[in-house]
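The values are calculated or read from the model by the stated rules, or taken from the named source; none is laboratory data. All values reported here derive from a predicted model rather than from experimental measurement. Cβ sites come from the backbone with ideal geometry, for glycine too, and all protein chains shown count toward neighbours. Keep in mind that these areas ignore ligands, DNA and RNA; they rest on the heavy atoms of the full protein, side chains included. Shrake-Rupley method; radii C 1.70, N 1.55, O 1.52, S 1.80 Å.
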Amino acid sequence: MAKKKSEKLLEALRVPPGAVDLSQYDTRATTGFSGSKDDGKAALEELGAELGDWQERLFAEGRKGDARRILLVLQGMDTSGKGGVIRHGAGLMDPQGLKITSFKAPTPAEKRRGFLWRIRQALPGPGMIGIFDRSHYEDVLIARVRNLVAPPVWNRRYDEINTFEAELAATGVTVVKCFLHISAEEQKARLEARLDDPTKYWKYNPGDVDERELWPAYAEAYQAALENCNTPDAPWYVIPSDRKWYRNWAVTTLLLETLKGLDPQWPTADFDVEAEKKRLATT
């Protein structure tokens, strides 16, 4: 029988201030959950009704003028499961209240506008839950590892990101940033599984092997991002992601706890309810 610990997952998985050493985070941990894989899958499904109720409350508030919204940022190495989280977690919610954006390499036109320009265009509106599959952090990750810009440029971006996320918080955006943490061994197993299954060939990218050779550099870049951009306005959460079922449950639980913390309320009627009942009865 699955057991959930009393401590909020938002507290248990939050990255503490200061230096970050990802080697100290267990990628197979099931923090906040005690149970089997089947228990975890069942627990995820059980979140659906409550998650949907809170999402609808937030959406309803947004339709009535409340500015609050949520931005869920998913970052992680290739195969860490960003798409899986969206499919299994976001799949429990009403699509009309979601805005999902998957960021690929920026176009030349986007590059000319600055690295945050396309991010701003994809932000969720009032009452919405936005989900970023990759994000503005690519500009201090792959840009750093692949030397796409000079070190002074990506170094400046940490402060620019912090300023940007503080601006979001000030305008009603609650930012939830999740680093999906997998081991190199698990990534290799997932890539091998794609090569062994013809139905997954489409998911395999030969370039993933080239990126895999840069694992230490990416780990260093992620650690720097988690250290430099871990603020009260937009904290980071490290999600152990070697176990897919736990990863999906954990991120969905973080989102549910965030919604409950916002405590959106059903908007009150801006019309005379009894009068409308009488009018309707005559039709």
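What ranking of Glu167, Glu186 comes out by heavy-atom accessible area, probe 1.4 Å, highest first?
Glu167, Glu186
Heavy atoms only, probe 1.4 angstrom, no DNA, RNA or ligands counted: give me Lys177, Lys277, Lys260 ranked by accessible area, highest first.
Reading off the accessible areas and sorting them downward yields Lys277, Lys260, Lys177.
Return a whole-number percent for the relative contact order of the chain, with Cα pairs under 8 Å and 6 or more residues apart as the contact set.
32 percent
Please work out the C-alpha center-to-center distance from segment 237-265 to segment 185-213 and express it in whole Å.
26 Å
At what distance in angstrom do the alpha carbon centres of segment 12-62 and segment 93-124 lie from each other?
Taking the Cα centre of segment 93-124 as reference, the centre of segment 12-62 is 24 Å away.
Ignoring ligands, DNA and RNA, what percent of the 1.4 Å accessible area of segment 40-119 is carbon and sulfur?
53 percent
222 nm [θ] for the chain, helices only, -39500 (n - 2.57) per DSSP H run of 4+, per residue, to 500?
-14500 deg cm²/dmol
Run the reach check for Lys260 against lysines, Cα to Cα strictly under 22 Å, same-chain hits fewer than 8 apart removed. What comes back?
In chain and number order, the partners are Lys3, Lys4, Lys5, Lys8, Lys41, Lys64, Lys99, Lys177.
Using amide H atoms built 1.01 Å from N in the peptide plane, name the residues 5+ places from Leu71, or on other chains, whose amide H lies under 5 Å from its own.
Gly130, Thr174, Val175, Val176
Determine the order of Glu56, Glu110 by accessible area, beginning with the largest, at a probe radius of 1.4 Å.
Output order, biggest surface exposure first: Glu56, Glu110.
Tell me, what % of the accessible area of segment 120-181 is carbon and sulfur with a 1.4 angstrom probe?
Solvent-exposed carbon and sulfur of segment 120-181 make up 54 percent of the total.
Based on the mean of other Cβ atoms within 10 Å per residue, sort peptides 10-16, 192-198, 124-130 so the most packed one is first.
Highest mean packing first, the order is 124-130, 10-16, 192-198.
For segment 1-147, what's the radius of gyration and Dmax over Cα atoms, in angstrom?
Using the Cα atoms of segment 1-147, the pair Rg, Dmax is 17.7, 54 Å.
Using Cα atoms only, what is the angle between the long axis of helix 37-63 and the major principal axis of the chain, expressed in degrees (0 to 90) to the nearest 10?
That works out to roughly 50 degrees.
HN-Hα J couplings of segment 20-29 from phi, Karplus 6.51/-1.76/1.60, θ = phi - 60°, integer Hz, Gly and Pro as x?
Using θ = phi - 60°, the values come out as 10, 10, 5, 5, 8, 9, 6, 6, 9, 5 Hz.
Against the longest alpha carbon principal axis of the chain, how many degrees, from 0 to 90 and to the nearest 10, is the axis of helix 215-228 turned?
50 degrees
Taking amide H positions as placed in the peptide plane 1.01 Å from N, state which residues far from Leu123 in sequence (5 or more) or on other chains have amide H under 5 Å from it.
Sorted by chain and number, the residues that satisfy this come to none at all.
What whole-number value in Å² describes the accessible area per residue of the chain for a 1.4 Å probe?
Ligands and nucleic acids excluded, the result is 51 Å² per residue.
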